[in-house]
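The values are calculated or read from the model by the stated rules, or taken from the named source; none is laboratory data. Because the structure is a prediction, the values reported are computed rather than measured. Note: ideal-geometry Cβ built from the backbone for every residue, glycine included; neighbour counts use all protein chains shown. SASA here: full protein model, heavy atoms, side chains in, ligands and nucleic acids out. Shrake-Rupley method; radii C 1.70, N 1.55, O 1.52, S 1.80 Å.
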Amino acid sequence: GREIQPTDPLERVLSQLMAADTLAMRDTAARIDLSAVERAADAIAAASRVDIYGASGSALVGEELQFSLHRIGIAAWAWTDIHNGLASAALLGPGDVALGISHSGQTRETIEMIAEAGSHGATTIALTSFPRSPLTDVADDLLLTATQATTFRPDALSARHPQLVVLDLLYIAVAQRTHERSHAAFQRTARAVEAHRIKEVAE
């Protein structure tokens, strides 16, 4: 609970960060509705395509999920530009999934893209720290996170690690449901980049 001071040694800063993140992770684990994760994983595993929407820091988290899903053969796109995102959302329909990421649940662009996708029948999912927010009003399912702000790292930045944990859980649940396809995709993608890895030179 101690504020980080400008003159604090890095050892103390590290201790503060670890304590804050550990508490945020525990609170997130307590808040998360595992049945909602199950439903989201079922929808993504069966989806024709998955659109992921977010702005600023949430966009970076969304790109991590897009990368992970793509590696296991899930057709996923991450959108940050409102015009491109809305155009993509307009082409979604039943059998597709749209996931919006916003710590506050009040990011106008993310809300608009999720609402557009939902209006065409796509399954919509919100990842946020606020269960009563405009984003949750337009989403079919809710994945909740918790944050623990520290000096120099307000709530929006502190949300990143809990968001990644929840999305990792979602990703693994999807991989479990598509095990054979995921395993084959991992092998193919590993072979594709193998030639670009530096091999150890025998002495």
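Tabulated results
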{"item": "Leading residue by the ranking (most open to solvent (accessible area, probe 1.4 Å)) among those in the range 134-162 that are modelled with pLDDT of 95 or more and not in a strand (DSSP E or B)", "result": "Asp137"}
{"item": "Odd one out for Ala43, checked against (1) at pLDDT below 95; (2) hydrophobic (A, V, I, L, M, F, W, C); (3) open to solvent by less than 30 Å² (accessible area, probe 1.4 Å)", "result": "(1)"}
{"item": "Qualifying residue in the range 55-74 (condition: within 14 Å of Met113 (Cβ to Cβ), at pLDDT 95 or above, out of contact with any helix residue (DSSP H, G or I) (no Cβ under 9 Å at 6 or more places or on another chain) and open to solvent by 70 Å² or more (accessible area, probe 1.4 Å))", "result": "no"}
{"item": "Flag if Pro6 is open to solvent by 70 Å² or more (accessible area, probe 1.4 Å), modelled with pLDDT of 90 or more and part of a loop (DSSP other than H, G, I, E, B)", "result": "no"}
{"item": "Residue check, Ile52 open to solvent by less than 30 Å² (accessible area, probe 1.4 Å) and assigned to a loop (DSSP other than H, G, I, E, B)", "result": "no"}
{"item": "Contacts under 7 angstrom Cβ, first residue in the range 126-150 being closer than 13 Å to Thr107 by Cβ, partner acidic (Asp, Glu) and open to solvent by 50 Å² or more (accessible area, probe 1.4 Å), 6 or more apart", "result": "none"}
{"item": "Subset of the range 112-133 (residues that are open to solvent by less than 30 Å² (accessible area, probe 1.4 Å) and assigned to a helix (DSSP H, G or I))", "result": "Met113, Ile114, Ala117"}
